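Any read-out appearing in this document is the output of simple, stated calculations on the displayed coordinates, not a laboratory observation. This structure is a prediction, so every number in the text was calculated from the model and none was measured. Please note: Cβ atoms are built from the backbone with ideal geometry, for glycine as well, and neighbour counts cover all protein chains shown.
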Amino acid sequence: MATLTQQLDRASARYLGQVEMHDSNEDRLNRLKEGDFITARICRLDPSIDKAPYFETYRVPYVKWMRVLDVLIHISEGLCVEYAHRWYCGVKKCGTCAVRVNGRETLSCWEPAQPDMVIEPLRHLPVVRDLIVDREPYERKVMELGPLLMRTQPYPGLPEYITDREMRAASYAMDCINCMACYSACPVLDLGTETNFSGPAPLVQLAQVALDPRDGLDRLSLIEHTASISECVSCYRCEEVCPAEIPIVSRVIEPLKALAFAISPANKKHQAAFLEIVRDRGRIDPSALVLKTQGLRALLSPVRALRLWMKGKISPSKTFLGWTIPGVEQVRRLFSAVKGA
Amino acid sequence: MKTRTADVIIVGGGAAGTYTALCLKKAGIEPLILAKGLIGKSGASIFAGNLNLHGHVFGGNDAEAAAMRDYIVRWYNHYLIDQDYVLKGEQWTEEVYYPELEEAGLYFRRDDQGKIVTSYGLARCAAVNQQGQSGILLMDLRRKQVIQNGIQTLQETAVTSLVQNSRGEVIGVVALHCPSGEVFSVQAKRGVVIATGPADRLASRATGTREQSGDGLALTYRAGGELLNLEIQWWHASDFKWPPCWQRMHVYPNPLVGTAKTARMYNSDGEQFFDQSTDTPNSFAPYPTQLKRLAEQVAKGKAELNGKYFTGYDHIEPEALRKYARQLKAFEKVGLQAKTARVETATTWHYRQGGINTNPHTMETNVPGLYVAGPVGGHNNGSLGYTAFDAYTCAETIKNKPAPAGFSTLPQAVLEAERDRVMRLLRKMPANGTPPIAVKTKIREIMYEKMGFVKSKQGMESALDDMRRIREEDAPRMGLKNVSLNENLGWQDALDVYNLLDTCELTIRSALNRKESRGPFYRTDFPDTDNENWLVKNILFKGGDGSFQFRTEPYRLPYYQPDFKRQKYLEVLW
């Protein structure tokens, strides 16, 4: 078993969170043994006959190394419950079996079963039946971003000269199996029609070509407007749930933002404001950020502002009085030391 | 019943179906893809870890081209293949397939000097981005290309029947769109292409994906099409035994791309019984050899076809293993270190080398209007490069046939009868009823037990009897609790039962007819490979009276011939 330090060396948001919560892969593997029973509370809905989702509970005998999918298959094929769930390959290639287990997005063929599981469909997509969601809204967003390579130089013929180093950036995004777990996990997509953000998954698909040196298309408008990439709040929830362990924020979203900023620095407003505030105050101030990026438009949502104030998320008085954290000088020194900050 | 129209209907949305559609569209012909699953997600195509390199592509020399050809003819198809087709396919993939894929953006992995990374050994393969991903990225590209080119597709849509005119020509299909529960028909002006792939999920451990149930074969047989060599059924010998859904998780025996290292297999006493580098160094995919060595262990009581033997990479040094890191994540996920672990493995029903009797040079079948693309045909085992060649050939054949003036009207009585048959299966559970999925599971368990790698006449005849009993006693009792039209997978299961029964019965009968053992087909009552009498197409077709009929046709061997007339099967290397 790796020590915490060793585990921290793996340095992914996903892994850190899991270790802290005693919910790493190692932890999960040790929770069940043969002879145990799993309690699976499954969400059911047939929109053609049910008014609302409801739950049913099943007791499933544990078998060696049981995955969440095995539990679902036991219910649908073993117990012959007419429970609709999608899967095709069972081995992390097709990406169709992603669901939520105890609230967290999970590729069911890949993750170990847990003693008590509440299983629900992915979020942000229409439910067709039980755990099956309509993929079409996601697929449409992917196609809108033009996910095919657009060469502007003529293809030199096979084999073209390219090195692995040059392809490395795009290569991370090529690990994507279109499972939509990150799409479900993204909190920005909770805003529904109030946001134009494409969600992380379409951006991963876009990155496969946008970060490919052989691609010649100017994709600024796609990144900034069609995908609305600046609405990503870098919360890392996508990275946390990605079964392919793609560093979505650091290897996809940040590089795409950098690509857009390189073409048009004016689009950097959100990022520039964020950094400026942190340098001035020592940490982010949400109301200052909103004012700097949205200006007076921010004052058009007084109800939301009031709600945030009552929850302690914002403090307008502190903002206007120009508060700083103790030790802000050290923060400012860090900024000076980092090139380009 | 609503009727749609298309120039060409393509049954199947994998590598074969999508490329056929792209070729047809380029020629100004409108295809309609009907995919039972999801394009780019279901079927065998996404499973390819690497792409085979045919001919001289990527700087291959003559010896390397010859080694791949030898692999295709001998090790992969056991001489049951048209050798001219092998050469033509090789040339086409070299000239068209790989350049087209790279131009479209597929990244065949390079090193930091820009040189392509290939497998060690003469028969070469290369990875798209990383080993293990190639099929996923290829099919993702195809899916996007299909959409980009405005090709009509209907997913989660199963063809339930081919529709023929009075002359027996296929002029359309009836299909069920699962999400809406709509049964509809499609008129095809220029033909129907069966592209349903090499994997059938006929057994309880199978590499076929969830939805597969031998549909392409059953549809074709019922329409009067000929099938051949169904018994030449491949098995994986080293797939994870646990967890159950990882029955398709392959512990690759093949040389790891870029290294000379391979997996080893051990019996229940821990004794090594297979190592590719010593047992079959020249085989690119040594699965039949693995199976033969395994059968010997089973006979000694030191392994079972369903487990109690182990596969591992623990003899390989960590630097070499690191190149294989992606595949080894499976070991880590169950808490094992690949450098020390041997995991319990079991046999898994894999690709079918046989299939629909197809002219490999035109992709025509004996049924007018009915074509094939890819390894649902019995002219080749599953191979992505040749699959694309088939798709190209099929599109060319259709393109070069004069288009009829208009659509043929589908015979109303036939449509009504089929619609009634399909709707009858959407019914409430009767008093002594059985869920359709339970019947499917029962069929698959019998196939795994009695049509496993080691077969006998007695076992096969018993399986045939079981199928008859299921058809007479279980199938008529099928019913459902929920008879809504909305994404009713249980209804789809009921339809699948009949395709499964038909395809399983045809496979068993075909197996009983081949009186030898060859490649992955092993029967203990005929334990020799007999090139004198059985280097033939074992063709099965429906007689005029509906009975099962057989005939054989020899294979021409212009360039490659086996070096023995008759040999004990277990001693044959391929």
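Quick notes
- Where GluC sites (Glu not before Pro) in DSSP loops with at most 14 other Cβ within 10 Å are excluded, longest remaining stretch of chain A: A:35-244
- Dipole of the protein assembly as shown, positive end: most advanced residue of B:His379, B:Leu321, B:Leu38 [Cβ charges, Cα centre]: B:Leu38
- Spatial extent of the stretch A:208-339: Rg and Dmax, with the Cα atoms as the point set, Å: 17.3, 51
- An ellipsoid equivalent to the stretch B:34-164, defined through the eigenvalues of its Cα gyration tensor, has semi-axes of 29, 21, 13 Å when rounded to whole angstrom and sorted largest first.
- Looking at the stretch B:110-150, the trypsin sites (Lys or Arg not before Pro) that sit in a DSSP loop and have at most 15 other Cβ atoms within 10 Å of their own Cβ are B:Lys115.
- Sorted fewest first by neighbouring Cβ atoms within 10 angstrom, B:Tyr522, B:Tyr19 come out as B:Tyr522, B:Tyr19.
- Size check on the stretch B:233-351: the Cα extents along the three principal axes, sorted descending, read 37, 32, 30 Å.
- Residue of A:Arg86, A:Arg307, A:Arg31 that the Gaussian network model of chain A assigns the largest fluctuation, springs spanning Cα pairs under 10 Å: A:Arg307
- Residues B:Arg293, A:Arg129, B:Arg556, A:Arg304, sorted so that the one with the fewest Cβ neighbours within 10 Å comes first: B:Arg556, A:Arg304, B:Arg293, A:Arg129
- Neighbour cut-off at most 15 other Cβ (10 Å), DSSP loop, chymotrypsin sites (Phe, Trp or Tyr not before Pro), the stretch A:90-180: A:Tyr161
- 5 angstrom amide H check on B:Ile171, placed H, neighbours 5+ away: B:Val163, B:Gln164, B:Asn165
- Alpha-carbon centroids, the stretch B:472-537 and the stretch B:69-86: separation in whole Å: 25
- Shown is the FRET efficiency for A:Leu299 and A:Asp116, computed with R0 = 51 Å from the Cβ-Cβ distance and rounded to the nearest 0.05: 0.65.
- Prolate/oblate/rounded label for the stretch B:435-543 (Cα gyration tensor, a/c 1.5): prolate
- Distance from the stretch A:196-225 to the stretch B:151-202 (C-alpha centre basis), Å: 36
- Rounded to the nearest 20 debye, the dipole magnitude of the stretch B:233-351 is 280 debye, with +1 charges on Lys and Arg beta carbons, -1 on Asp and Glu beta carbons, and the Cα centre as origin.
- Across q = 0.10 Å⁻¹, the protein assembly as shown modelled as identical point scatterers on its alpha-carbon atoms has Debye log10 I(q)/I(0) values of -1.19, in the order of the q list.
- Counting all C-alpha pairs of the stretch A:57-200, share separated by more than 17 Å (%): 68
- The Kirkwood hydrodynamic radius of chain B, based on inverse pair distances between different Cα atoms, is 24.1 Å.
- Convex hull of Cα atoms in the stretch A:31-132, direction-averaged projection (nm²): 6.3
- The stretch A:136-263 - Rg (one decimal) and Dmax (whole number), Cα, Å: 14.4, 46
- Dipole magnitude for the protein assembly as shown: about 1660 debye, using +1 per Lys or Arg Cβ and -1 per Asp or Glu Cβ, origin at the Cα centre.
- Cα centroid separation - the stretch A:91-166 against the stretch B:89-150, whole Å: 20
- Cβ charges +1 (Lys, Arg) and -1 (Asp, Glu), total dipole of chain B, debye: 960
- Whether the stretch A:268-337 is rounded, prolate or oblate, judged on the alpha carbon gyration tensor where a/c under 1.5 counts as rounded: oblate
- Counting only DSSP H runs of at least 4 residues, each contributing -39500 (n - 2.57), and dividing by the residue count of the protein assembly as shown, the helix-based mean residue ellipticity at 222 nm comes to -9500 deg cm²/dmol.
- Both numbers refer to the Cα atoms of the stretch B:168-279; Rg and Dmax are 20.4, 62 Å.
- Among the GluC sites (Glu not before Pro) in the stretch B:160-213, those placed in a DSSP loop whose Cβ has at most 16 other Cβ atoms within 10 Å are B:Glu169.
- Given charges at Cβ of Lys, Arg, Asp, Glu: the protein assembly as shown dipole, positive-most of A:Tyr183, A:Ser228, B:Pro243: A:Ser228
- On the beta carbon distance between B:Gln148 and B:Gln567, with R0 = 51 Å, the FRET formula returns roughly 0.50.
- Within the protein assembly as shown, percent of DSSP bridges classed antiparallel, to nearest 5: 70
- The Cα atoms of chain A cover 62, 61, 49 Å along the three principal axes, with the biggest extent listed first.
- Residue among B:Gly490, B:Pro562, B:Ser547 farthest towards the positive dipole end of the stretch B:419-574, charges placed on Cβ: B:Gly490
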